[in-house]
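Here is the structure we will look at.
Read-outs: derived from the displayed coordinates by stated rules, not from any lab. Note that the structure is a prediction, hence the values are computed from the model and not measured. Methodologically, a virtual Cβ is constructed for each residue, glycine included, from the backbone with ideal geometry; neighbour enumeration extends over all protein chains shown.
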Amino acid sequence: MDKINSLRGMPDFYSDALISWTPVENKLEEIFRAFSISEIRTPIMEYTDLFKRSVGDTSDIVNKEIYSFNDRNDQSISLRPEGTAGVIRSVIEKKLDQQQSKFWYMGPMFRYERPQKGRYRQFHQAGIEFLGYQEGQADFELIALVCSIVNGLDIKNAKLKINHLGDKDSKIKFARSLVKFLEPYKDQMDEKDLERLNKNPLRILDSKDKKIQEILKDAPSLSDFISDSANSLLSTIQKTFGDQCIIEIDNKLVRGLDYYTGLVFEACSSDLGAQDAFIGGGRYDNLANALGGKDMPAIGLAIGLERLISISSVSKLDEKKVVFISSTSNIAPLAFKIANQLRITNSKISLDMDLTDSSIKAKLRRANKTDASHAFIFGDEEMSNKRVIVKSLLEDTEQVSMSIDECIDFYKEI
Ligand code: AMP
């Protein structure tokens, strides 16, 4: 029969890869707790309309990348391409949109993109949402959090780019003047940029086309359309956190999702290669309203975990390992009891019970090929006199026969 493969861009993770995930996830949780942020878990599927109304009909994510299907009830459902929409949907539903909250989440996201290094169709994000907070203090707190992530996870060659998109009105005014400026250059644009110009002109600033970037050098600047207070927010952030992280004001940073207003930012590292952003975020004061809730100013960010993990030098899990080997001429129920007592005694050690039917000799040979430090052997003789042999697999020392109590004491100190 033909074998069935995984979907393109949706990798499996085995422990050799996951061993770098756990310390990073743990460190992130530690940072989130240090900022007194509560966890939220929302479903990975939502009604498609939620993403159309939040991420935006004009965004690439909703137009080309969303995984949608009709359920048995003929309703259009989508796998979440990002986490913010579900969180806002949830707080509106629970009537929490009139209070302040700070949430974090972690989980898989789905986008039908062209898979390449750093870009997958199922990938993982950790995200933060500060809900119910006006522009000001929450913006500083979130940038402080970005600095804590960059430093706490020991990210090298990181740069934080920040920009301010103004409010809804200034965004519209700037978009109009950008369209007017670009009118004479339309015939030099490819299909993608022409579509951006028609549907969401600010996204042109993101164009990868060198010719367009050259033209944009003389284009009106967003900073001319936003208020003095917005410009001063950017420079104060830069001054305040400049000693913790390299911060650059980038008036061309617009971010891919339609819902952003106010402060937007992106953290990049040159160690990542072409897909160099590992955190993206910004303010989205109009999102709750667009989703049927009350006015709720808010700011948030999303961290791409695959990318963060690939550049973090947070230490790998340093796990102690031992092997438990019991006789198979008779199955020894007591062996499982002793092994469990040991696990309770020191839960930091990983105890691998060899479950094969091979001989003790063969099991020991196998144990020697692992990175376990000790083998605990419970053969026929040990079964009858209720003792355990402890053998070092790292040093060439004599094995020792111990009573069960002695063995438990020894296990505490490994
Ligand atoms: P976004 O939700 O597009 O603002 O993305 C936030 C972060 O998620 C990015 O900076 C990336 O680190 C990560 N990310 C976005 N799309 C992908 C993808 N297809 N594969 C892997 N990581 C991604």
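In the elastic network of the chain, a GNM with C-alpha springs shorter than 10 Å, the most mobile of Leu153, Leu351, Leu272 is Leu351.
Of the Cα atoms belonging to the chain, the radius of gyration and Dmax stand at 27.7, 93 Å.
A simple rule links phi to the HN-Hα coupling: the Karplus curve 6.51 cos²θ - 1.76 cosθ + 1.60 with θ = phi - 60°, which for the stretch 233-247 gives 4, 4, 6, 5, 4, 4, 5, 5, 9, x, 7, 9, 7, 6, 10 Hz, with x for Gly and Pro.
Taking the C-alpha atoms only, the angle from helix 168-182 to the longest principal axis of the chain is near 70 degrees. Charges were assigned to the Cβ only: +1 to each Lys and Arg, -1 to each Asp and Glu. The resulting dipole of the stretch 98-210 about its Cα centre is roughly 360 debye. For the pairs Lys64/Lys159; Lys64/Lys186; Lys161/Lys192; Lys161/Lys294; Lys171/Lys208, note any where the Cα-Cα span goes beyond 27 Å. Distance filter (> 27 Å) returns Lys64/Lys159; Lys161/Lys294. P(r) for the stretch 320-412, from all Cα pairs and a bin width of 10 Å, is 17, 56, 26, 0 %, short bins first. The slack between Glu113 and Ser177, meaning 0.36 nm per residue of separation minus the straight C-alpha distance, is 19.9 nm.
Scoring 128-134, 190-196, 260-266 by mean Cβ neighbours within 10 Å over their residues and listing the highest first yields 260-266, 128-134, 190-196. Here the chain is assigned +1 on the Cβ of each Lys and Arg and -1 on the Cβ of each Asp and Glu. Its dipole about the Cα centre then comes out at about 560 debye. Compute the long axis of helix 333-345 from its Cα atoms, compare it with the longest principal axis of the Cα atoms of the chain, and write down the angle in degrees, 0 to 90, nearest 10. Value to nearest ten degrees: 50.
Since only Pro23, Phe103, Ser6 are under comparison, the one whose Cα sits farthest along the positive direction of the charge dipole of the chain, derived from C-beta charges on Lys, Arg, Asp and Glu, is Ser6. The packing ranking of peptides 59-69, 112-122, highest mean first, is 59-69, 112-122, where packing means the average number of other beta carbon atoms within 10 angstrom of each residue. On the principal axes of its alpha-carbon atoms, the stretch 53-175 has extents of 45, 40, 34 Å, going from largest to smallest.
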